[in-house]
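Here the structure is laid out as structure tokens; the discussion comes afterwards.
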Amino acid sequence: MMANSTTKKNHHFANSTIELSVSCRNLRNRDLASRSDPYCVLYTRARPWNTFYDTELGRTEIIADCLSPAWTRKFTLEYRFSALQPLKFEVMDSDPGEEKEDDFLGLYETTLAELLARGPSRSVVVPLRSKILDGLDMGELIVVCEEVFPGGEDSRMIVKFDFSGEQLLKGTGGTGSGSASGGGKVLGRLKASMRRNRTFLEVSRSNEDGSYSLVYRGKPAGLESKIPGTTLWKPVQLPLSRLCNGDPRRPVKIAVLKWKADGQHRLLGTLWSSLEELMRAEGSSSSSSSSSSIYPVLPGTSFKPITLKPNSRLYLERPSSSAEEGSSSALTPTLLLRELSISDQAVPSFLDYISGGGTQLHFAVAIDFTASNGHPGDPRSLHRLSNFAQPEDQSTNPNQYEIALQAVGDIIAQYDSLKMYPAFGFGAALPPEFKDPARPTIEPLFHLNYTSTHPYCVNVASILEHYRQTVAAVRFTEPTRLAPVIAHTTAIADRYSTAAADAGKHYFVLLILTDGGVDDLPETVAAIVAASSRPMSIVIVGIGEGDKEQGFYTMQMLDGDDGYQLAVEEGGSGGSGRIQKVAERDIVQFVPLKQFIGTDSSPAEVRREELAQEVLAEVPRQVVDYMVARGIRPKNRRRDSAEKKA
């Protein structure tokens, strides 16, 4: 995938606005003549991996003479799934008019993700701690986390538009413009036009400064042979919050473009309107129909049709450059609004599923130890250890594998309360085999902790420790096989999700770190297709420059962002009776690490957050897609507005 494209596409699922309400119980009294006057300050770190908190996010009001305060002032934060967001709550006793500093009453350190993922609800009760003595009773901090929506709960409803286009390009004519004479030639011209004249829709919403932000781009479609001169696109489905921020009067822009292979798509016409204006049409009601959705919809969701004038035509504003190729001044580009409807249920958010202990995210990792990485003692090796003689001491100058593992692992670890991380290696000969060239036994998959009974490590630091020990102990070999580790992780996911009672409780993210080529591509594709129906995602980080001949082409194909759909043939023999099984959903994300490595002396610190953001960009969307496809509702989800009104 290309940097930033996937991040923007999945912003709706990965980012949310969170409101934190704070209160305390049984604070220590630091005043002699009265009780303490407490207030709370919230801090974060400008660079998440620093050890000190240097940025104040806000502070509550002061409540006089109170040891169990409930503050009314809230903290509003932007939650980002793929970011490490450390927080420190510090409770202080205000001493106005005195020369000495305010008295310290207690602190609590955590991350925003850990707050959201804890407990049976979104209310978290934790002990405050002292700066000096452990175990000292400082009272309790209560934090209530709430996901907020600028347009209210109704802004989570889904709007569906079904448009067709007429008179978009020269020679396409209008509806019913085909001639019965010269049937063969007309049909031939129509077929050629269908191949050549592919168009697509873009929808943008207005911003406060008058600019527009793209919120939807459809797939190109050709002319419809049954309705000459008419283009039919897939229906557009968007949450109200994304379309207009919950405000039906906010302007929206709908553009029609002609698709071009070089990416220089040509604007054919623009409709300037709003949801309110589109809903004003009168006449007979349109019927609602099911269709593939760009946003997941829970089973049982229905769409309430808006009454429309039959064949409501919306005329587009032609661009000033309409005299270019394929345009004609006689054309009036037109959109036909065939259906406009609004869902009766809100689209679930990623936080609906993972907050309050509803869904546990589990992190697994697989590391490539094939010979193409180079011997770890070689300065050019991708597995180079800065202190090869003492692999446990790698405090400075981490290699690319360590950078990627730390950046991604630190994020996912926040959501896993079990703290059990399966870690694997592949492509190496293990002791004692590697010592004897006559015994070229290669392990397609081995536990990084060298324990035969289980592959689990207790934290990311433990994975890094076992990785460094493995680098110094094994012999790098060939081939590069990804299928075994994908199949093994799929089996682990199956064990956690087979029982009906466990549905929706667990979701796995497999991180594969590899330097390029795949030697078992058919088996890898089959393993991914099988995994696409399981509660798991696969993120692949390309280390180094990739395969000598093809770079990272194979990994990009597995990603599927360029329209390549993974499929495998099953059943039959010799081509007879075989059927094609297509991946149920897109679960693979590939990112080359070299995009995030700078030329300075500490690339790990400079680009680590950007790397994690890009690598994990699709995970929230994939979690929601999986849950919704199986009718799994969030365990702790607040009832949406439609249910409240029922």
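The values are calculated or read from the model by the stated rules, or taken from the named source; none is laboratory data. What you see is a predicted model; the values in this text were computed from it and never measured. Glycine gets a Cβ as well: all are built from the backbone with ideal geometry, and neighbour counts include every protein chain shown. To get the accessible areas, we keep the full protein, side chains included, count just its heavy atoms, and leave off ligands, DNA and RNA. Shrake-Rupley method; radii C 1.70, N 1.55, O 1.52, S 1.80 Å.
Can you work out which of the residues in segment 495-533 that are in a helix (DSSP H, G or I) and either in contact (Cβ under 8 Å) with a residue 60 or more places away in the chain or aromatic (Phe, Trp, Tyr) (or both) is surrounded by the fewest Cβ atoms within 10 Å (Cβ to Cβ)? Lay out the reasoning, then the answer.
First, the residues of segment 495-533 that are in a helix (DSSP H, G or I): 495-497, 500-502, 521-531.
Checking the rest, the ones that are also either in contact (Cβ under 8 Å) with a residue 60 or more places away in the chain or aromatic (Phe, Trp, Tyr) (or both) come to 496, 528.
On the way: Tyr496: 17, Ile528: 23.
The qualifying residue surrounded by the fewest Cβ atoms within 10 Å (Cβ to Cβ) is Tyr496.
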(request) Being in contact with an Asp or Glu (Cβ under 9 Å, 6 or more places away or on another chain), more than 17 Å from Ala461 (Cβ to Cβ) and among the aromatic types (Phe, Trp, Tyr) is the filter; apply it to segment 380-439 and report the residue that is modelled with the highest pLDDT. (result) Phe426
(request) Look through segment 308-335, keep the residues that are among the hydrophobic types (A, V, I, L, M, F, W, C), modelled with pLDDT of 70 or more and open to solvent by less than 20 Å² (accessible area, probe 1.4 Å), and return whichever of them is nearest to Pro235 (Cα to Cα). (result) Leu335
(request) Pairs only if they're at least six apart or on different chains, beta carbon under 8 angstrom, first in segment 473-484 and in contact (Cβ under 8 Å) with a residue 12 or more places away in the chain and closer than 11 Å to Leu430 by Cβ, second outside any helix (DSSP H, G or I) and open to solvent by 50 Å² or more (accessible area, probe 1.4 Å); list them, first residue then second. (result) Ala473/Pro431; Val474/Pro431; Thr477/Pro440; Thr477/Ile442
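Go through segment 14-95 and tell me which strands (runs of 3 or more DSSP E), entirely inside it, have 2 or more residues that are under 25 Å from Gly409 (Cβ atoms). Talk me through it step by step, then tell me what you get.
Values: elements: 15-25, 38-44, 55-59, 75-80, 86-93.
Filter on segment 14-95 gives 15-25, 38-44, 75-80, 86-93.
Residue by residue, here is whether (1) touching a Pro at 6+ places or on another chain (Cβ under 6 Å); (2) open to solvent by 40 Å² or more (accessible area, probe 1.4 Å); (3) closer than 21 Å to Pro127 by Cβ holds:
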residue: Arg35; (1), (2), (3): no, yes, yes
residue: Val41; (1), (2), (3): no, no, yes
residue: Trp49; (1), (2), (3): no, yes, no
residue: Glu56; (1), (2), (3): no, yes, no
residue: Ile62; (1), (2), (3): no, yes, no
residue: Leu84; (1), (2), (3): yes, no, no
residue: Glu90; (1), (2), (3): no, no, yes
residue: Lys100; (1), (2), (3): no, yes, no
(message) Which of the numbered conditions does Ile342 fail, given that it passes all the others? Conditions: (1) open to solvent by 20 Å² or more (accessible area, probe 1.4 Å); (2) over 28 Å from the mean Cα position of the chain (by Cα); (3) modelled with pLDDT of 80 or more.
(response) (2)
(message) The conditions are (1) open to solvent by 30 Å² or more (accessible area, probe 1.4 Å); (2) outside any loop (DSSP other than H, G, I, E, B); (3) modelled with pLDDT of 65 or more, and Ile132 fails exactly one of them. Which is it?
(response) (2)
(request) Give segment 484-494 a look and list any residue that's under 17 Å from Phe369 (Cα atoms) and surrounded by fewer than 22 Cβ atoms within 10 Å (Cβ to Cβ), or say none. (result) Pro484
(request) Among residues belonging to segment 588-616 that are modelled with pLDDT under 85 and not in a helix (DSSP H, G or I), point out the one that is surrounded by the most Cβ atoms within 10 Å (Cβ to Cβ). (result) Ile597
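Here is a yes/no grid of residues against (1) modelled with pLDDT of 80 or more; (2) open to solvent by less than 20 Å² (accessible area, probe 1.4 Å):
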| position | (1), (2) |
| --- | --- |
| Pro535 | yes, yes |
| Ile538 | yes, yes |
| Glu549 | no, no |
| Met555 | yes, yes |
| Leu558 | yes, yes |
| Ser576 | no, no |
| Glu584 | yes, no |
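Among the listed residues Glu443, Glu465, which satisfies the condition of being at pLDDT 90 or above, surrounded by fewer than 21 Cβ atoms within 10 Å (Cβ to Cβ) and farther than 23 Å from Val591 by Cα?
Numbers: Glu443 fails: at pLDDT 90 or above.
Going through Glu443, Glu465 in turn, just one is at pLDDT 90 or above, surrounded by fewer than 21 Cβ atoms within 10 Å (Cβ to Cβ) and farther than 23 Å from Val591 by Cα: Glu465.
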(request) From the list Phe369, Phe303, Phe350, pick out the single residue that is at pLDDT below 55 and either at positive phi or surrounded by 18 or more Cβ atoms within 10 Å (Cβ to Cβ) (or both). (result) Phe303
